[in-house]
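Comments concern the structure below.
Just so it is clear, none of the values below were taken in a lab; they were calculated from the coordinates. What you are looking at is a predicted structure, and each value in this text was computed from that prediction instead of being measured. No Cβ is skipped: glycine too gets one built from the backbone with ideal geometry, and neighbour counts run over all protein chains shown.
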Amino acid sequence: MSKPAAPLKGRAARLARLMPSTGPSSAARTPFVLLVVLLLGGGLITLLLLNSALNEGSFRLSELKRDTTELTDEQQALQRDVDSRSQPDALEKRARELGMVPGGNPAFLNPDGTVRGKPTEATAPPPSPSPSPTPSPSASPDADAPAAGPSASGASAGPSGSPSPSVSATTPDPAAAPSAENSPPPTSPGR
């Protein structure tokens with residue numbers, strides 16, 4: 001049938017020893033192929049997990065940036081409120097609403113203990129005439145009308161049966177009106 005192979009000599013014999021035959025070599029390659037497949041699969045799974053973690057961090061970062069923007073806007077609005085209420089005319093208006101008046105001339109103490117200047121008491125300036133005076137609630141005709149009704153019906157009639165003279169409810173008392181204008185408006189506590 002076939003002749004037995006003649007032994008190889010020289011260079012061919014050395015090459016034949018270095019290169020394995022085709023039969024037993026396929027069994028030796030199986031663990032190596034499995035190792036390469038496992039390494040590639042592990043690498044892909046690691047990349048997927050890393051990409052997911054980066055995306056989660058990106059979403060968290062965008063959420064924090066949005067929150068920072070909202071808080072910055074709120075801080076700027078509050079700062080505008082503080083600035084508008086800190087202006088001198090706003091402070092003066094609020095102080096007058098609280099019943100404060102500008103201070104008088106101050107006196108100063110010198111380092112040796114002597115007083116320089118003569119202090120004066122702070123007094124409220126006369127009220128400036130407003131363009132459209134509003135009647136005070138105590139001087140309104142509707143509030144005084146029920147109180148004037150019984151006296152006009154004869155409840156306060158004198159012994160002779162004639163009604164006693166009374167002040168008209170529509171005429172406000174001139175002494176009471178300035179005190180109502182000079183009194184500071186009521187304020188809520190803590191403001």
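Taking a ≥ b ≥ c as the square roots of the eigenvalues of the Cα gyration tensor of the range 31-76, is the shape rounded (a/c under 1.5), prolate (a/b larger than b/c) or oblate?
Note, shape of the range 31-76 comes out prolate.
What ³J(HN,Hα) values, in whole Hz, does the Karplus curve 6.51 cos²θ - 1.76 cosθ + 1.60 give for the range 105-122 when θ = phi - 60°, with x put for Gly and Pro?
For the range 105-122, the Karplus curve yields 6, x, 10, 10, 9, 7, x, 7, x, 7, 9, 10, x, 10, x, 10, 6, 6 Hz.
Could you give log10 I(q)/I(0) at q = 0.19, 0.29 Å⁻¹ for the range 57-117, computed by the Debye formula over C-alpha point scatterers of equal weight, without solvent?
The Cα Debye sum returns log10 ratios of -0.83, -1.07.
Simple spin-label model, 7 Å along Cα-to-Cβ: Ala13 to Thr69 in nm?
Distance between the two pseudo-spin positions: 8.3 nm.
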